[in-house]
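In what follows, a structure is listed as structure tokens, so that the remarks can point back to it.
The values are calculated or read from the model by the stated rules, or taken from the named source; none is laboratory data. Computed from a prediction, not measured in an experiment: that's the story for all the values here. All Cβ positions, glycine included, derive from the backbone under ideal geometry; neighbour counts span all protein chains shown.
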Amino acid sequence: MKKILVTGGLGFIGSHTVVELQNAGFDVTIIDDLSNSKIEVLESIQEITGKLPEFHQIDLKVKKDVTDFFNNNNIDGIIHFAAFKAVGESVKKPLEYYENNIGSLVYLLQEMRDRSIDNFIFSSSCTVYGQADELPITEEAPIKKAESPYGNTKQIGEEIIRDTCKANGLNAISLRYFNPIGAHESAKIGELPLGVPQNLIPYVTQTAAGIREQLSVFGDDYNTPDGTAIRDYIHVVDLAKAHIAALQRLLQKENKNNFEFFNVGTGKGSSVLEIVTAFEKATNQKLNYKIAPRREGDITAAYADTNLANSELNWKTEKSIEEALQSAWEWQKKQ
Ligand code: UFG
């Protein structure tokens with residue numbers, strides 16, 4: 001059985017990916033520093049899959065601990081989620097973002113090089129494209145200068161991996177996520193935002209649950225049909241499955257280049273107001289919202305061209321936006 005290291009495996013996307021990996025028969029070892037996750041998630045994963053993944057509480061910024069881990073574990077592949085991910089916070093704390101997101105990546109790659117470990121999957125983001133000139137966004141779209149230190153860590157991360165693949169023969173895939181939402185159908189794992197949510201869906205579900213008074217829709221004067229910004233919202237379970245497909249591609253040596261990248265989205269854009277309406281319909285909840293000014297740094301529209309991921313990874317999304325919103329709501333109710 002192949003042993004896969006999942007860093008950040010107790011986080012939102014990480015935990016759903018661990019579930020899918022175990023369901024697909026992989027042996028999973030998680031590293032997480034619990035800086036933005038809860039240890040209880042481990043038990044939830046066991047409840048869903050019937051198997052407790054191995055867990056190591058390690059801070060990947062501590063090189064010695066990373067080396068010790070690899071001294072004691074034989075790993076066949078790595079899916080690297082562990083990173084800070086709040087755009088606004090990254091503007092206030094750039095050094096923390098560079099240290100955490102870049103430092104941990106470099107240490108992992110050094111261990112892989114030194115031990116000839118292959119097969120690396122990187123959590124990237126459609127943020128690398130900025131406001132693309134053409135929609136839907138293909139992998140050919142130019143990389144735009146990052147709007148935030150967070151976005152920059154994803155761009156620099158991809159460059160570090162590209163250089164390492166070239167110099168050291170590593171095989172890697174970068175998955176550029178669009179907007180992951182939703183929760184596992186069991187409602188045992190989901191997104192756990194700390195404090196006031198910055199992302200749309202947790203804010204929506206918390207408003208419906210009465211935790212927040214009102215949702216602010218940031219801007220209704222964008223150049224879109226209803227004036228609100230458009231994103232590609234993908235069910236987190238579909239996103240998790242893309243990682244399994246990418247990993248299989250590397251393990252079976254089906255990759256065409258030693259560094260590949262794929263857009264992971266649904267291909268369909270939804271506006272903020274469409275999300276509000278879809279949420280109300282899917283959950284039978286009335287949502288209290290108001291139109292507010294635009295949020296700084298936001299782009300007008302982004303949605304993926306998924307052709308490359310569909311054909312090369314032999315993967316496509318299976319779940320609808322209604323299912324995603326409903327699962328997010330079921331998860332919220334359990335909190
Ligand atoms: N929005 C609101 N009200 C809110 C929160 C969000 O109207 O309370 C709007 C935003 O303005 C935006 C849309 O909902 O138009 C989606 O916003 P999110 O914050 O959920 O997602 P973003 O697209 O801004 O950001 C996400 C990830 C980032 C990633 C980025 C790439 O959170 O990590 O996609 O585009 F970098």
Worksheet, complete the sentence: (1) more than 10 Å from the ligand (Cβ to nearest atom); (2) touching a residue at least 40 places away in the same chain (Cβ under 8 Å); (3) surrounded by fewer than 21 Cβ atoms within 10 Å (Cβ to Cβ); (4) farther than 22 Å from Leu5 by Cβ all hold for Cys165 apart from (4)
Discussion item. For Ser186, only one of the following conditions fails: (1) of a type in the set (Ser, Thr, Tyr); (2) buried (at least 18 other Cβ atoms within 10 Å of the Cβ); (3) under 23 Å from the mean Cα position of the chain (by Cα). What is its number?
Written reply: (2)
Fill in: Residue match in the range 257-270 (condition: in contact with a helix residue (DSSP H, G or I) (Cβ under 9 Å, 6 or more places away or on another chain), more than 21 Å from Val237 (Cα to Cα), at pLDDT 95 or above and hydroxyl-bearing (Ser, Thr, Tyr))
no
Discussion item. Return the pair list, or none, for Cβ contacts closer than 8 Å from residues in the range 202-227 that are exposed (fewer than 15 other Cβ atoms within 10 Å of the Cβ) to residues that are in a loop (DSSP other than H, G, I, E, B), at least 6 apart or on different chains.
Written reply: Ala209/Gln335; Glu213/Asn288; Gln214/Asn288; Asp221/Gly227; Asp221/Arg294; Asn223/Thr300; Asp226/Asp220
Worksheet item: Within the range 4-11, is even one residue exposed (fewer than 15 other Cβ atoms within 10 Å of the Cβ) and under 20 Å from Ser123 (Cβ atoms)?
Response: no
Worksheet entry | Options Ala278, Ala324, Ala301, Ala292; residue that is at pLDDT 95 or above and more than 18 Å from Pro202 (Cβ to Cβ) | Ala301
Worksheet item: Taking the range 247-295 only, how many residues are within 16 Å of the ligand (Cβ to nearest atom), touching a strand residue (DSSP E or B) at 6+ places or on another chain (Cβ under 8 Å) and in a loop (DSSP other than H, G, I, E, B)?
Response: 9
Worksheet entry | Condition check for Asn199: within 9 Å of the ligand (Cβ to nearest atom), polar (S, T, N, Q), free of Cβ contacts under 8 Å to residues at least 60 places away in the same chain and within 30 Å of Glu140 (Cα to Cα) | yes
Worksheet item: Would you call Lys316 of a type outside the set (Phe, Trp, Tyr), in a loop (DSSP other than H, G, I, E, B) and either surrounded by fewer than 18 Cβ atoms within 10 Å (Cβ to Cβ) or modelled with pLDDT of 95 or more (or both)?
Response: yes
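Could you run through the range 170-201 and say how many residues are closer than 12 Å to Glu330 by Cα and not in a loop (DSSP other than H, G, I, E, B)?
The qualifying residues number 0.
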Discussion item. Tally up the residues in the range 221-238 that are among the β-branched types (Val, Ile, Thr) and under 12 Å from Ser271 (Cβ atoms), please.
Written reply: 3
Worksheet item: So which of Val62, Val66 ends up being more than 16 Å from Phe12 (Cα to Cα), touching a Phe, Trp or Tyr at 6+ places or on another chain (Cβ under 6 Å) and hydrophobic (A, V, I, L, M, F, W, C)?
Response: Val66
